[in-house]
Amino acid sequence: MIPDRRTLYAFAALIVFVTLVGVWQGPANVSLLIAHTLAYSLIALGLNIQFGYGGLFNFAIMGFLMVGGATNVFFSFPINPDFWASDGPMLLGRALLAFVAGALLVLGARRLDRFGIKGKARGIAIGIAWFVAYLVYRSQIDPAAAYIESTSGWIGGLGLYPVIGWAMAGVVVAFIARIIGKITLGLRSDYLAIATIGISEILRSFVKNMDWLTRGTLAVSPVPWPVPQPQNLQAVGVSIDDSFVYARLGFILLLAVVFVAAFVLVNRAYGGPWGRMMRAIRDNHVAAEAMGKNVRVRQLELFVLGSILMGIGGAMLVTFSQILDPSGYQPINHTFLVWVMVIVGGAGNNWGAVLGAVLIYFIWILSDPLAQFLFLNLSRWTEAIGWGAIPEIDSRSLQMRVFVLGLVISIALRYAPQGLIPEIVHKHHPELGHKKAGA
Amino acid sequence: MDEIIFLVNKVVISGAVLGSIYALGAIGVTLIFGILRFAHFAHGDMMTMGAFVAFLLAALVGAMGITAPVPLAFVVLPLAVVITAVLALLIDRGFYAPLRARGAKPVTLLIASIGVTLMIQGLIRLVFGSGTRNMYLDIEDKIIFRMDFGWLGGTRPLVLSQPQILMFFVTLACITGLHFFLTRTRMGKAMRATSDNLDLAQVSGINTQQVVTVTWLIAGSLACLAGTMLALDVNLRPDLAFNIVLPIFAAAIVGGLGNAYGAIAGGLLIGVTEALAVFNWTAVLRPFAPYLPFGMELPANLALVPTEYKLTVAFVILVITLLWRPTGIFRGLST
């Protein structure tokens, strides 16, 4: 997809906007924003693959980001020697064996029809097998978790280079997305949306409560950086102010390399036969099926591909902020925000998704200081006329962003449902009366 | 005896309380889905909004020096219900009606309702801050009834609080009222007809615009009732109902979207299942401990699901229902 004139203007305006914000907020702040934006652009790109290319309603973004972050921590955090010296690995091995045994039991029950046990009897057997497998697994994992939490706290990481952690985050999320997709992709659009919201909450409660694996609400910090950190730069004589900017610049460069690679690949795929097939499935899956496309498999493919980008983006966010705090993940900040990015930017158009990601993230972050400014002036005014000052201005103005986000999406849906940079549909046979996609 | 009382306290009462809230919320969700064919995600925040309206009114009435044997928030409930219903209608006119007029897809409306959710939540937090508030005014106390079962050999009382009792009555009254409205009145029949087949209803001369209006009024009223009762039972927080909007959807889907009676059943089912899943069976099995085979002991915690995973139960039920019977146990509508 080559950018058209509208895209170029939009991006020129965006660059002016970001520069102005940079002048207002200073280089340290804006470098932080840009690093976050790059990670969010990758995540928005992931959603654009799922929703824009394939029309899949994935509201489990938060869950994928959390799993990606936790995987990244597991691979990149330094090794915890206490854990490896204790009985923990042995207990976990037993839990793994119990898990495998349970899985075999369930698989065996599913194959009962080969022995002539069919219909209801087989269903009941599968149910019982699930229950027994659950009990067996719980009987092993509970003592293991309790033991690890009481002796070594948690299992720590593997101490690998963070970029390997990002890659592994993509792999693990792909694996989970495949399972989720297999289960849910047959559902109708709105049921799929609700089911994925539910699944995202299930994933969250796992990451939050498996203290032995993720340290749960205690949070893991500091997660190692892949590039020199401010303190490393200060050690070689860079001033404190500059060190933050340079360290973040290094990180931004690394993020930019990953992002540009992903963007080029995803964008090329859009124009190719693969992308055309996906759009055909999105716009009319019955016709696509009639043409011999395997709709279920292709949708699963999209779902997994998009989720990989989400997992990597989630891992990057954790590495950049150096902390994995499961209680900091909220559907508003991590699922709905990304949706607003893609819808406002233009679903189906990668340039649009990236534009939306940058724009919405800046609006989201900047509505806090703007609201603070407004409130302070309002408070001065109410004080002057004798009504007293507004209490808790800081915590209130932080909430302004939630309102602004809601307002932006309402306005966008009403007045620009195709987004700022709509998807461009090239009509190859205008005489056949192809409808413009979207609406 | 103590064991049975413990079971009733932990499973029957807390499950039914939670189930009533889920049911009240799920009826609203299911009605909106039946008539307008979209999943109204902002329903949870409408509940919170209703609770805050009731809270404001109660504070106003309390400031006038009026007292009552029941909490003031309950006394002002009729007025709060009216206000919330009108607010719900205004939200529809402002944010959903234009999209419907354009013929937007149901999922676009779902996303619009997420936008409304964010706006309501942001506004509530802007105005009231994000702290926890008590629905009871300073002079009021939460009355807790303890029923003694000493005459049956029990040592522990059966515990019920006043808001829980009020909640049962409100839920019962709502369900009965709704049942008679849907089956006996002209408007109710028109609503069911619209829910069954929009085009046919329109052709038969039913004023579907009016039906939509009434649907929002009813949904807003139920949301206000559910939110206020929930806030009376626990505490008033800006994320009061946002956290339970998914179990509410689970209840509506389990009951079959569009089916009001299914929503009630789904709500109670999910409420009781959640309570059962985290119930610690050790307490009930303790009398049988001496009969266990030699060397076996009762573990300290025999809950099926650890307490911290309580909310997960509703989602697991939701996912299983969606897979096993996607249109709900009682066969719901489809878009």
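Within the range B:80-108, track down each residue that is facing chain A (nearest Cβ under 9 Å) and part of a helix (DSSP H, G or I). First the steps, then the outcome.
Let us first name the residues in the range B:80-108 that are facing chain A (nearest Cβ under 9 Å), namely B:94-95, B:98-99, B:102-108.
B:GLY94, B:PHE95, B:PRO98, B:LEU99, B:PRO106, B:VAL107, B:THR108 - these are the residues of the range B:80-108 that are facing chain A (nearest Cβ under 9 Å) and part of a helix (DSSP H, G or I).
Could you list all residues from the range B:28-50 that are under 20 Å from B:ALA97 (Cα atoms), of a type outside the set (Phe, Trp, Tyr) and open to solvent by less than 10 Å² (accessible area, probe 1.4 Å)? Even if it seems obvious, please write down each step before you answer.
Start the filter on the range B:28-50 by keeping residues that are under 20 Å from B:ALA97 (Cα atoms), which leaves B:28-46.
Subset that is of a type outside the set (Phe, Trp, Tyr): B:28-32, B:34-37, B:39-40, B:42-46.
Those that are under 20 Å from B:ALA97 (Cα atoms), of a type outside the set (Phe, Trp, Tyr) and open to solvent by less than 10 Å² (accessible area, probe 1.4 Å): B:GLY28, B:VAL29, B:THR30, B:ILE32, B:GLY34, B:ALA39, B:HIS40, B:ALA42, B:HIS43, B:GLY44, B:ASP45, B:MET46.
Specify which of the listed residues (A:GLY102, A:GLY63, A:GLY68) is assigned to a helix (DSSP H, G or I), in contact (Cβ under 8 Å) with a residue 12 or more places away in the chain, closer than 23 Å to A:PHE263 by Cβ and open to solvent by less than 10 Å² (accessible area, probe 1.4 Å). Outline the logic, then answer.
Details: A:GLY102 fails: closer than 23 Å to A:PHE263 by Cβ; A:GLY63 fails: closer than 23 Å to A:PHE263 by Cβ.
Matching residue, one of A:GLY102, A:GLY63, A:GLY68: A:GLY68.
How many residues does the range A:224-241 hold that are over 16 Å from A:ALA35 (Cα atoms) and free of Cβ contacts under 8 Å to residues at least 24 places away in the same chain?
The number of residues fulfilling the criteria is 10.
If I filter the range A:372-401 down to residues being open to solvent by 60 Å² or more (accessible area, probe 1.4 Å), closer than 19 Å to B:ILE124 by Cβ and part of a helix (DSSP H, G or I), which single residue comes out as nearest to the other protein chains (Cβ to nearest Cβ)?
Only one residue fits best here, namely A:LEU398.
Given the conditions (1) under 23 Å from B:LEU257 (Cα atoms); (2) of a type outside the set (A, V, I, L, M, F, W, C); (3) at pLDDT 90 or above, which single one is not true for B:LYS105?
The number of the failed condition is (3).
Would you mind stating whether B:GLY34 is out of contact with any Gly (no Cβ under 6 Å at 6 or more places or on another chain), under 21 Å from B:THR194 (Cα atoms), at pLDDT 85 or above and not aromatic (Phe, Trp, Tyr)?
Values: out of contact with any Gly (no Cβ under 6 Å at 6 or more places or on another chain): no; under 21 Å from B:THR194 (Cα atoms): yes; at pLDDT 85 or above: yes; not aromatic (Phe, Trp, Tyr): yes.
When the stated conditions are applied, B:GLY34 does not pass them.
Collect the residues in the range B:109-147 that are open to solvent by 20 Å² or more (accessible area, probe 1.4 Å), in contact (Cβ under 8 Å) with a residue 40 or more places away in the chain and at the interface with chain A (Cβ under 7 Å from one of its Cβ atoms), keeping them in residue-number order.
B:ARG125, B:SER130
Just to be sure I understand the filter: pairs with C-beta atoms under 6 Å, separated by 6 or more residues or on different chains, first member in the range B:1-27 and assigned to a helix (DSSP H, G or I) and open to solvent by 20 Å² or more (accessible area, probe 1.4 Å), second member modelled with pLDDT of 85 or more and aliphatic (A, V, I, L, M). Which pairs pass?
Cβ pairs passing all conditions: B:SER14/B:ALA275.
Looking only at the range A:156-169, decide whether some residue is out of contact with any strand residue (DSSP E or B) (no Cβ under 9 Å at 6 or more places or on another chain) and modelled with pLDDT under 90. Walk me through it before giving the result.
Start the filter on the range A:156-169 by keeping residues that are out of contact with any strand residue (DSSP E or B) (no Cβ under 9 Å at 6 or more places or on another chain), which leaves A:160-164, A:166-169.
This time we only want the ones that are modelled with pLDDT under 90, so: none.
The answer is no; no qualifying residue exists.
Hey, A:GLY419 hits all of (1) within 14 Å of chain B (Cβ to nearest Cβ); (2) open to solvent by 20 Å² or more (accessible area, probe 1.4 Å); (3) in a loop (DSSP other than H, G, I, E, B); (4) in contact with a Leu (Cβ under 9 Å, 6 or more places away or on another chain) but one; which does it fall short on?
(2)
For the range B:217-306, which fully contained helices (runs of 4 or more DSSP H) count at least 2 residues that are hydroxyl-bearing (Ser, Thr, Tyr)? Before you say what the answer is, go through the steps one by one.
Details: elements: B:245-254, B:260-277, B:282-285.
Counting at least 2 such residues, we get B:260-277.
Identify, by number, the condition in (1) surrounded by fewer than 17 Cβ atoms within 10 Å (Cβ to Cβ); (2) over 30 Å from B:THR215 (Cα atoms); (3) among the hydrophobic types (A, V, I, L, M, F, W, C) that B:ALA173 doesn't meet.
Every condition holds for B:ALA173 apart from (2).
Anything in the range A:180-195 that is facing chain B (nearest Cβ under 8 Å), open to solvent by less than 10 Å² (accessible area, probe 1.4 Å) and not polar (S, T, N, Q)? List them, or say none.
Within the range A:180-195, A:ASP190, A:TYR191, A:ALA193, A:ILE194, A:ALA195 qualify.
Looking at (1) away from every other protein chain (no Cβ under 12 Å); (2) modelled with pLDDT of 75 or more, which is the one condition that is false for B:VAL305?
(1)
Which one of B:LEU236, B:LEU232 is open to solvent by less than 10 Å² (accessible area, probe 1.4 Å), touching a residue at least 40 places away in the same chain (Cβ under 8 Å) and touching a strand residue (DSSP E or B) at 6+ places or on another chain (Cβ under 8 Å)? Write out each step before concluding.
Numbers: B:LEU232 fails: touching a strand residue (DSSP E or B) at 6+ places or on another chain (Cβ under 8 Å).
Unique residue meeting the criteria: B:LEU236.
Condition check: out of contact with any helix residue (DSSP H, G or I) (no Cβ under 7 Å at 6 or more places or on another chain) and not in a helix (DSSP H, G or I). Does A:PRO222 satisfy that?
Values: out of contact with any helix residue (DSSP H, G or I) (no Cβ under 7 Å at 6 or more places or on another chain): yes; not in a helix (DSSP H, G or I): yes.
Yes: the conditions hold for A:PRO222.
Being open to solvent by less than 20 Å² (accessible area, probe 1.4 Å) and free of Cβ contacts under 8 Å to residues at least 40 places away in the same chain is the filter here, so list the residues in the range B:188-207 that pass it. Don't jump to the end; show me each part of the working.
Just the residues of the range B:188-207 that are open to solvent by less than 20 Å² (accessible area, probe 1.4 Å), to begin with: B:188, B:190-191, B:194-195, B:201.
If the condition is that a residue be open to solvent by less than 20 Å² (accessible area, probe 1.4 Å) and free of Cβ contacts under 8 Å to residues at least 40 places away in the same chain, then B:GLY188, B:ALA190, B:ALA201 are the ones that fit.
Out of the residues in the range B:1-16 meeting the condition of being among the aliphatic types (A, V, I, L, M) and more than 17 Å from the chain's Cα centre (by Cα), tell me which one is modelled with the highest pLDDT.
We begin by selecting, within the range B:1-16, every residue among the aliphatic types (A, V, I, L, M); these are B:1, B:4-5, B:7-8, B:11-13, B:16.
Subset that is more than 17 Å from the chain's Cα centre (by Cα): B:1, B:4-5, B:7-8, B:11.
On the way: B:MET1: 69, B:ILE4: 78, B:ILE5: 80, B:LEU7: 80, B:VAL8: 80, B:VAL11: 83.
Checked the range B:1-16; the qualifying residue modelled with the highest pLDDT is B:VAL11.
Confirm whether A:LEU203 is open to solvent by 10 Å² or more (accessible area, probe 1.4 Å) and within 30 Å of B:LEU109 (Cβ to Cβ).
Working: open to solvent by 10 Å² or more (accessible area, probe 1.4 Å): yes; within 30 Å of B:LEU109 (Cβ to Cβ): yes.
Here the answer is yes, as A:LEU203 does meet what is asked.
Looking at the range A:318-345 only, could you name the residues that are among the aliphatic types (A, V, I, L, M), more than 14 Å from chain B (Cβ to nearest Cβ) and surrounded by fewer than 24 Cβ atoms within 10 Å (Cβ to Cβ)? Please lay out each step first, then the result.
At the first step, the residues of the range A:318-345 found to be among the aliphatic types (A, V, I, L, M) are A:318, A:323-324, A:332, A:337-338, A:340-344.
If we keep only those that are more than 14 Å from chain B (Cβ to nearest Cβ) as well, we get A:318, A:323-324.
Answer for the range A:318-345, where residues must be among the aliphatic types (A, V, I, L, M), more than 14 Å from chain B (Cβ to nearest Cβ) and surrounded by fewer than 24 Cβ atoms within 10 Å (Cβ to Cβ): just A:ILE323.
Within the range B:71-78, does at least one residue satisfy the condition of being modelled with pLDDT of 90 or more, buried (at least 19 other Cβ atoms within 10 Å of the Cβ) and assigned to a helix (DSSP H, G or I)?
yes
The values are calculated or read from the model by the stated rules, or taken from the named source; none is laboratory data. Because the structure is a prediction, the values reported are computed rather than measured. Cβ sites come from the backbone with ideal geometry, for glycine too, and all protein chains shown count toward neighbours. For the accessible areas, the whole protein counts, side chains as well, though only heavy atoms, and no ligand, DNA or RNA atoms are used. Shrake-Rupley method; radii C 1.70, N 1.55, O 1.52, S 1.80 Å.
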